[in-house]
Amino acid sequence: MRNLDQRENLSAGLPAQQAGAAPAHVTLMGAGPGDPELLTIKALRALESAELLLYDHLVSDAILALAPASAERRYVGKEASRHTLPQHEIGKLMIQLAREGRRVLRIKGGDGYIFGRGGEEAQALAAASVPFSVIPGITAAQGAAAAAGIPLTHRDHSRALVLATGHLQDNRVVDLDWEMLARPNQTVVIYMGLGTLPIICEQLIAHGLAASTPAALIERATQPEQRCVTGTLGNLPALAQSTGVKPPTLIMIGDVVSLHGQLGPAILAERS
């Protein structure tokens with residue numbers, strides 16, 4: 001198990017780059033929503049041959065355990081209002097380690113290119129001429145849909161899929177295209193929106209979605225502790241408060257959520 005109480009500035013004390021040495025390779029890997037059996041074969045192979053792991057908060061211990069015991073593990077995770085390293089420092093650390101000849105496996109939950117800031121890390125590596133590759137992962141929305149019995153698209157219920165992030169911007173507002181999100185006949189999945197759930201529901205209703213629109217909260221999707229709370233746009237904030245749902249939680253909105261009652265029990269029975 002990781003010891004999160006022993007975090008430190010991981011960039012301190014690194015030796016100087018050897019003159020003329022070519023930087024080592026960095027792999028940006030998506031670890032999926034948490035269930036280790038949902039790793040891609042390519043991700044599993046990268047883990048099994050890893051020498052140095054830089055991993056985020058959402059990477060499960062079961063996934064970290066697949067790396068060799070000899071591999072060095074460094075926690076660089078970010079939680080709400082609690083960052084071990086700022087994002088730009090993570091980029092600097094990867095570059096410095098690669099320039100020292102350290103082969104880095106950078107692991108993110110879900111897919112790094114879907115609200116995981118993987119694009120920013122890839123840009124930093126490219127700008128520093130550090131060779132890198134990207135291994136995609138199953139994003140949380142896909143994992144949640146399969147595990148909770150809520151198809152992301154369905155011919156009778158949804159003809160489009162929208163992924164959005166609901167966290168507060170620097171000016172402390174939720175800056176989303178509400179008119180686009182409130183269109184009918186689509187599924188909306190909002191990442192990192194639990195803290196702003198009342199605003200999200202209020203704005204979607206104000207921009208045209210009925211308060212009776214089916215909606216769900218899926219906590220810790222695909223993991224043993226998974227919970228799915230279903231309701232409507234009108235009552236979802238109250239349900240979140242009464243059930244004590246905590247991050248990481250996805251918000252799913254649209255008529256497809258109504259299928260959870262039919263498909264969810266069958267999936268849960270299969271998993272148990």
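The values are calculated or read from the model by the stated rules, or taken from the named source; none is laboratory data. Just so we're clear, the structure is a prediction, and the values are computed from it rather than from any experiment. Positions of Cβ are backbone-derived with ideal geometry, glycine not excepted, and every protein chain shown enters the neighbour counts.
Structure notes:
- Scanning segment 170-179 for residues that are assigned to a loop (DSSP other than H, G, I, E, B) and surrounded by fewer than 17 Cβ atoms within 10 Å (Cβ to Cβ), we see that the one that is modelled with the highest pLDDT is ASP177.
- Residue count, segment 115-139 (criterion: more than 19 Å from LEU47 (Cβ to Cβ) and either touching a strand residue (DSSP E or B) at 6+ places or on another chain (Cβ under 9 Å) or outside the structural domain of LEU44 (by TED's automatic domain parsing) (or both)): 7
- Residue within segment 148-166 that is in the same structural domain as ILE95 (by TED's automatic domain parsing), modelled with pLDDT of 95 or more and more than 21 Å from the chain's Cα centre (by Cα) present: no
- Answer from HIS207, HIS157 - the residue that is within 20 Å of VAL256 (Cβ to Cβ) and without any contact (Cβ under 8 Å) to a residue 60 or more places away in the chain: HIS207
- Here the condition is being within 23 Å of ASP156 (Cβ to Cβ) and either touching a Leu at 6+ places or on another chain (Cβ under 6 Å) or hydroxyl-bearing (Ser, Thr, Tyr) (or both); of ILE267, ILE218, it holds for ILE218 alone.
For (1) at pLDDT 95 or above; (2) in contact with a strand residue (DSSP E or B) (Cβ under 8 Å, 6 or more places away or on another chain), each residue gets a yes or a no:
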| site | (1), (2) |
| --- | --- |
| PRO15 | no, no |
| ALA22 | no, no |
| GLU37 | yes, no |
| LEU52 | yes, yes |
| TYR75 | yes, yes |
| GLY91 | yes, no |
| ARG103 | yes, yes |
| ARG106 | yes, yes |
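- Test: residue in segment 181-200 that is among the polar types (S, T, N, Q) and within 20 Å of ALA148 (Cβ to Cβ): yes
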